[in-house]
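Q: Quick one: this structure, given as structure tokens, is what I'll be asking you about.
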Amino acid sequence: MEIPKKPVPIVNDWARPFWDAAKEQRLVIQKCKDCEKHIFYPRIACPHCSSDNVEWVDASGKGTVYSYTVVESNSPSAFLKDIPYVVAVVRLEEGVQMLSNVVGCEPGEVRCDMPVEVTFEKLDDEFTLPKFKPATR
Amino acid sequence: MSSLRGKVAIVGIGEVPTGRFPERAAIYHAIESARLAIKDAGISKDDIDFVMPTAALFSPQFNTELVTCRIIEEMGLKNARTNCQVFAGGSSGSCFLKLGGSLIQSGLAKYVLCVHADRLGSGVSLQGGIDLFSTAGISAEWEVPFGQHYSTIAALTTTRYQYETGCTDEHMAAVCVSNRKWAELNPNAIFRKPLTIEEVMASKMLSTPLRAKHSNMLFDGGSAFILTSAERARDITDKPVYLLGEGSRVTHFVFSQEPDITRFGWADAGRQAFEEAGLTPKDMDLAEIYDSYPIYQIIAMEELGFCERGKAGELHLKGETWPGGPLPTTTNGGMLSQGHTGAGGGIAILVETARQLMGKAGQRQVQGARFAVETCTGGTYMDAQVAVLGTEIP
């Protein structure tokens with residue numbers, strides 16, 4: 001079977017700064033200037049207080065694995081070559097959650113609540129994906 | 001609190017066997033299920049004034065036919081006034097109850113035909129099904145690019161739940177075994193051979209700790225039911241299945257945004273439904289739980305209050321949920337054993353709830369069943385939908 005190309009993010013225009021920053025290997029998230037809560041994924045307005053007074057801030061890139069799984073078979077076609085790969089929900093220090101992959105270690109070494117830090121993987125000329133590796137600290 | 005308590009009832013049910021029927025057009029499953037439901041209700045097809053199909057996922061062409069009144073024309077429903085699709089993924093069955101019930105309560109409809117048909121078994125390949133469900137209901141910006149799909153979603157929930165509660169792989173397998181015991185007694189189920197914990201635990205690993213036999217499989221199928229007012233129901237049948245309570249809560253769209261992937265909105269939804277019904281989990285003769293993967297049956301039962309957190313696996317392992325046990329659970333075998341038909345999985349479990357309460361469940365009939373709780377959830381478990389139904393209004 002021919003393996004299709006990896007799906008690229010279908011970008012909402014207000015999230016463009018996130019993807020532009022990722023291309024420069026920076027992880028940015030939004031923060032509400034009114035209620036001061038961090039926001040991920042990017043929104044048109046703050047989902048906590050509805051303010052549209054939101055700004056982009058650098059995230060620490062540090063967090064923990066909330067949950068994870070190692071894909072060993074029956075993945076979507078575009079990911080068959082990546083098996084085994086780790087899908088994880090990561091909780092950033094800023095209190096937001098994101099889905100990503102854990103890389104830079106054996107899949108079997110990943111654990112819940114394991115400290116991780118951001119790393120970047122180029123997907124194509126347009127997109128770089130933020131991924132996570134075991135924390136070095 | 002809604003005003004539907006004791007005001008609307010299911011009066012007829014229909015269902016075709018789940019399986020792979022490459023020679024059978026999808027419309028067959030819809031029409032045959034609808035015919036069976038009309039016959040079961042003891043009404044004429046021309047009593048139906050509102051047709052509510054849910055969506056079929058295998059073909060946009062077929063789905064458009066459902067939207068544009070094909071069922072009404074094929075069946076010759078002369079007095080049908082409206083055809084309107086109601087679709088909320090796996091929770092479409094709960095939305096049928098709420099929306100169909102509201103139309104009846106308001107006087108806008110007398111007999112609502114709720115119907116589902118899909119061909120995900122013969123109309124889509126195995127890899128095609130995986131690929132379909134690696135985008136359907138999954139965020140194209142924030143999750144699809146990382147290889148998320150329904151096995152990883154169930155696995156992420158299972159991993160964290162096991163980490164927090166100590167629930168084991170054996171407990172997960174016990175859910176599959178329990179549901180299979182019911183399916184052995186269900187002629188419409190696809191998987192009817194006895195299943196053991198060892199077989200589940202030896203099956204192919206998909207996404208750790210989720211194995212092939214923890215996973216639902218996609219098939220062709222259809223089911224239907226008829227809703228009417230409680231008064232009309234009492235005129236035409238001596239076993240109306242009343243809607244007694246309803247509860248629901250939406251907690252996310254993007255799975256990774258869910259603040260607690262080991263609980264979701266079940267506690268809140270369950271509390272609302274039991275409160276409206278004026279009943280408690282202890283009053284339930286049946287727990288008809290949406291089970292696309294074993295972890296979701298476990299979480300829903302605990303959050304609804306059938307046992308303490310971390311203990312539902314044990315209930316299944318000890319056989320309390322089995323035929324003959326004190327808490328008959330998911331008595332059609334669920335999506336794990338009857339088979340997953342898209343939006344139909346959540347409709348089949350509602351049809352089974354009505355079937356049991358009507359006393360029409362054949363070999364798997366739970367004798368004297370009066371009250372049941374039924375759950376559905378859509379997409380990536382984003383909404384918790386709970387209904388309490390019964391043969392009497394307490």
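Q: Order by neighbour count: B:MET335, B:MET217, B:MET284, fewest other Cβ atoms within 10 Å first, most last.
A: Arranged by neighbour count, lowest to highest, B:MET335, B:MET217, B:MET284 become B:MET217, B:MET284, B:MET335.
Q: How many angstrom lie between the Cα centre of segment B:60-137 and the Cα centre of segment B:1-58?
A: For segment B:60-137 versus segment B:1-58, the Cα centre distance is 9 Å.
Q: Please state the charge dipole magnitude for chain B, taken about the Cα centre, from unit charges on C-beta atoms (+1 on K and R, -1 on D and E), reported in debye and rounded to the nearest 20. Each step should come with its number before you reach the end.
A: Details: 35 positive and 43 negative charges, 138 e Å.
That gives chain B a dipole magnitude of about 660 debye.
Q: Right, something else. Got a sec to turn the phi values of segment B:175-191 into Karplus ³J(HN,Hα) couplings, 6.51 cos²θ - 1.76 cosθ + 1.60 with θ = phi - 60°, whole Hz, x for Gly and Pro?
A: 5, 4, 5, 4, 5, 5, 4, 6, 5, 4, 9, 10, x, 8, 7, 7, 9
Q: Also: Tell me, rounded to the nearest percent, the portion of alpha carbon pairs in chain B spaced more than 31 Å apart.
A: Tail fraction, whole percent: 29.
Q: Further, regarding this structure: If R₀ is 41 angstrom, what is the calculated FRET efficiency for the pair B:CYS69 and A:PHE120, using the beta carbon separation as r and rounding to 0.05?
A: FRET efficiency, B:CYS69 to A:PHE120: 0.20.
Q: Once the piece of chain linking A:GLU36 and A:GLU106 is laid out straight, how much longer is it, given 0.36 nm per residue of separation minus the C-alpha distance between them?
A: Once the chain is fully extended between A:GLU36 and A:GLU106, it gains 21.5 nm.
Q: While we're here: Hey, can you grab everything whose amide H is under 5 Å from the amide H of B:VAL8? Only 5+ residues off in sequence or another chain; H modelled, so Pro and N-termini drop out.
A: Distant-sequence amide H within range of B:VAL8: B:ALA230, B:LEU243.
Q: Among the listed pairs B:LYS181/B:LYS239; B:LYS204/B:LYS282; A:LYS133/B:LYS204; B:LYS7/B:LYS318, give every one whose C-alpha distance is greater than 29 Å.
A: Long pairs (Cα-Cα over 29 Å): B:LYS204/B:LYS282; B:LYS7/B:LYS318.
Q: Shifting gears a bit: Just the Cα atoms of segment B:2-46: what Rg and Dmax do they give in Å?
A: Both quantities, over Cα of segment B:2-46: 14.1, 45 Å.
Q: Let me ask something else about it. Considering the zone a paramagnetic label at B:GLN127 would reach in this model (a point 7 Å from Cα along the Cα-to-Cβ line), which residues of segment A:1-21 have amide N under 13 Å from it?
A: Backbone N within reach: A:1-5.
Q: Kindly state, as a whole number, the per residue volume in cubic angstrom of the convex hull around the alpha carbon atoms of the protein assembly as shown. Show your work: numbers first, answer last.
A: Numbers: hull volume 80.0 nm³, N = 531.
With only Cα atoms used, the protein assembly as shown gives 151 Å³ per residue.
Q: Still on this model: I'd like the distance separating the alpha-carbon centroids of segment B:334-358 and segment B:185-246, in whole Å.
A: After rounding, the separation between the Cα centres reads 3 Å.
Q: Please rank B:GLU141, A:GLU109, B:GLU23, fewest neighbouring Cβ atoms within 10 Å first, as an exposure proxy. Mind showing how you got there, number by number?
A: Working: B:GLU141 17, A:GLU109 11, B:GLU23 6.
Lowest to highest Cβ neighbour count: B:GLU23, A:GLU109, B:GLU141.
Q: Once amide H atoms are placed 1.01 Å from N in the peptide plane, what residues at a sequence separation of 5 or more from B:SER91, or on another chain, have their amide H within under 5 Å of its amide H?
A: Hits under the 5 Å cutoff: B:THR377, B:GLY378, B:GLY379.
Q: Still on this structure, please answer the following. Helix B:26-41 versus the longest principal axis of chain B: what angle, 0 to 90°, nearest 10, using Cα atoms?
A: 60 degrees
Q: Still on this model: Tell me which residues come under 5 Å, amide H to amide H, from A:SER67 once H is placed; ignore anything under 5 positions away on its chain.
A: Excluding prolines and chain starts, which carry no amide H, the hits are A:VAL89.
Q: Can you give the relative contact order of chain B as a percent, counting alpha carbon pairs under 8 Å and 6+ residues apart?
A: 26 percent
Q: Angle between the Cα long axis of helix B:150-165 and the longest principal axis of chain B, 0 to 90 degrees, nearest 10?
A: Around 60 degrees separate the two axes.
Q: Show me, for segment A:57-66, the HN-Hα J-couplings you get by feeding each phi into the Karplus relation (A = 6.51, B = -1.76, C = 1.60, θ = phi - 60°), rounded to Hz, glycine and proline as x.
A: 10, 6, 8, 5, x, 9, x, 10, 7, 6
Q: Also, I was wondering about something else. Dipole of segment A:36-137, Cα-centred, from +1 at each Lys and Arg C-beta and -1 at each Asp and Glu C-beta, to the nearest 20 debye?
A: So the magnitude is around 260 debye.
Q: Once every DSSP H run of n ≥ 4 in chain A is given -39500 (n - 2.57) and the sum is divided by its residues, what mean residue ellipticity at 222 nm do you get, rounded to the nearest 500 deg cm²/dmol?
A: -1500 deg cm²/dmol
Q: So, R0 is 41 Å and r is the distance between the beta-carbons of A:SER60 and B:SER203; what FRET efficiency does that work out to, to 0.05?
A: Result of the calculation: an efficiency of 0.50.
Q: If you don't mind, another one. Ignoring everything except DSSP H segments at least 4 long, calculate the 222 nm mean residue ellipticity for chain B; use -39,500 (n - 2.57) per segment, divide by total residues, nearest 500.
A: Value at 222 nm, helices only, nearest 500: -10000 deg cm²/dmol.
Q: Given points 7 Å out from each Cα along the Cα-Cβ axis, report the A:GLN25 to B:ASP260 separation in nanometres with one decimal.
A: Modelled inter-label distance: 4.0 nm.
Q: Sticking with this one: Quick one: Karplus J couplings for segment B:60-65, per residue in order, coefficients 6.51, -1.76, 1.60, θ = phi - 60°, nearest Hz, x for Gly and Pro?
A: Coupling constants for segment B:60-65: x, 4, 5, 4, 5, 5 Hz.
Q: How far is it, in nm, from the label point at A:ARG16 to the one at B:ARG271 when both lie 7 Å from their Cα along the line to the Cβ?
A: 4.5 nm
Q: Counting other C-beta atoms within 10 Å, which of B:GLU320, B:GLU231 has the fewest, and how do the rest follow?
A: The most exposed by this proxy come first: B:GLU231, B:GLU320.
Q: For chain A, which cysteines have no disulfide-compatible partner, meaning no other cysteine Cβ under 4.7 Å?
A: For chain A, the answer is A:CYS105, A:CYS112, because their Cβ atoms have no other cysteine Cβ under 4.7 Å.
Q: Could you give the Stokes-Einstein D for segment A:13-134 in µm² per second, using the C-alpha Kirkwood radius, 37 °C, 0.692 mPa s?
A: After rounding, the answer is 215 µm²/s.
Q: Quick one: grab the alpha carbon gyration tensor of segment B:69-143, order the square roots of its eigenvalues as a ≥ b ≥ c, and give me rounded if a/c is under 1.5, else prolate or oblate depending on whether a/b is larger than b/c. Show your work: numbers first, answer last.
A: Numbers: a/c = 3.46, a/b = 1.75, b/c = 1.98.
It is oblate, given that a/c is not under 1.5 and a/b is not larger than b/c.
Laboratory data are not the source of any read-out in this text; all were calculated from the coordinates shown. All figures in this text were calculated on a predicted structure; none of them were measured in a lab. Because the Cβ atoms are built from the backbone with ideal geometry, glycine has one as well, and the counts that use them run over all protein chains shown.
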